[in-house]
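See structure below.
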Amino acid sequence: MAELTALESLIEMGFARGRAEKALALTGNQGIEAAMDWLMEHEDDPDVDEPLETPLGHILGREPTSSEQVGPEGAAGSAAGESKPILTEEERQEQTKRMLELVAQKQREREEREEREALEREKQRRRQGQELSAVRQKLQEDEMRRAAEERRREKAEELAARQRVREKIERDKAERAKKYGSSVGSRSSPPATDPGPVPSSPSQEPPTKREYDQCRIQVRLPDGTSLTQTFRAREQLAAVRLYVELHRGEEPGQDQDPVQLLSGFPRRAFSEADMERPLQELGLVPSAVLIVAKKCPS
């Protein structure tokens, strides 16, 4: 009759009969405390009120007795033949009080356990957040480091490209000086002419033409800027075009369109044949202004 006492106690404590019977059955009839633990643990289960499919006697670990298998008449006779302990009102109240205290204690233990679990989850969430923040910070630092290295590499490449351009200009200057210097030295002096008649008065003397060894050329670029450089008077016009192509401001390594040189006034477009003529022969000595235009493809 121990299970009947436990069942009654659970019912008096406010648990539904179906839940109480199910708790006692599933805990193997180990007592009220085990049944209460099960009820408090599974009180939110959606199937807590569903009846058991297995007979109660099999769940409790025993076969149903003859009194459980008979109908209401047999149950009445069995109940009459057994002696059930009768509790006084004070004993029943005392037992109910103990059960209620046990329920309250179990409830407090459950709340404390849930609070500890919630606290542990919060600690774990914060720990994961700190780890994630550290990972993000490391990724940002790595990205900034890579960007700085990329900027340093691009700057070094730009300096190297500028250095190559300067070296090419110096080589071109040296080659031009060597080429035109030797040609000037080997060129024979013009034959002496017979002196003409001496003029009778200073006013009749013809003006002497001054010879210039250098020529100052100003080149106007299409973007509005200008370049100014001094060349030898006997240098070819191709030297001016080479200087413009090397200094017109485009990025090194990119394909550059060929340029065409024009005189300002009178308007004249210099041809490829003019590129081989000296500057003094083209009338650009001692100074001249040239205009750069992109050469149309043939």
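The values are calculated or read from the model by the stated rules, or taken from the named source; none is laboratory data. Please read all numbers here as calculations on a predicted model, not as lab measurements. Virtual Cβ from ideal backbone geometry, glycine too; neighbours counted across all protein chains shown.
Here is a check on your reading of the model: is GLN236 touching an Asp or Glu at 6+ places or on another chain (Cβ under 9 Å) and modelled with pLDDT of 90 or more?
Yes: the conditions hold for GLN236.
Could you list all residues from segment 215-235 that are assigned to a strand (DSSP E or B), more than 17 Å from ILE169 (Cβ to Cβ) and either touching a Pro at 6+ places or on another chain (Cβ under 7 Å) or among the basic types (Lys, Arg) (or both)?
Within segment 215-235, CYS215, ARG216, ARG220 qualify.
Going by the structure shown, is ALA156 under 30 Å from THR230 (Cβ atoms), part of a helix (DSSP H, G or I), at pLDDT 90 or above and not assigned by TED's automatic domain parsing to the domain that holds THR230?
Criteria not met by ALA156.
Check MET144 against each of (1) modelled with pLDDT under 90; (2) among the aliphatic types (A, V, I, L, M); (3) surrounded by 10 or more Cβ atoms within 10 Å (Cβ to Cβ) and name the one condition it does not meet.
(1)
At pLDDT 90 or above, surrounded by 10 or more Cβ atoms within 10 Å (Cβ to Cβ) and assigned to a helix (DSSP H, G or I), is that true of GLU122?
So GLU122 passes the test.
Taking ASP45 and the conditions (1) modelled with pLDDT of 75 or more; (2) touching a Pro at 6+ places or on another chain (Cβ under 6 Å), which numbered condition does it fall short on, given that it satisfies the others?
Going through the list (1) modelled with pLDDT of 75 or more; (2) touching a Pro at 6+ places or on another chain (Cβ under 6 Å), ASP45 breaks only (2).
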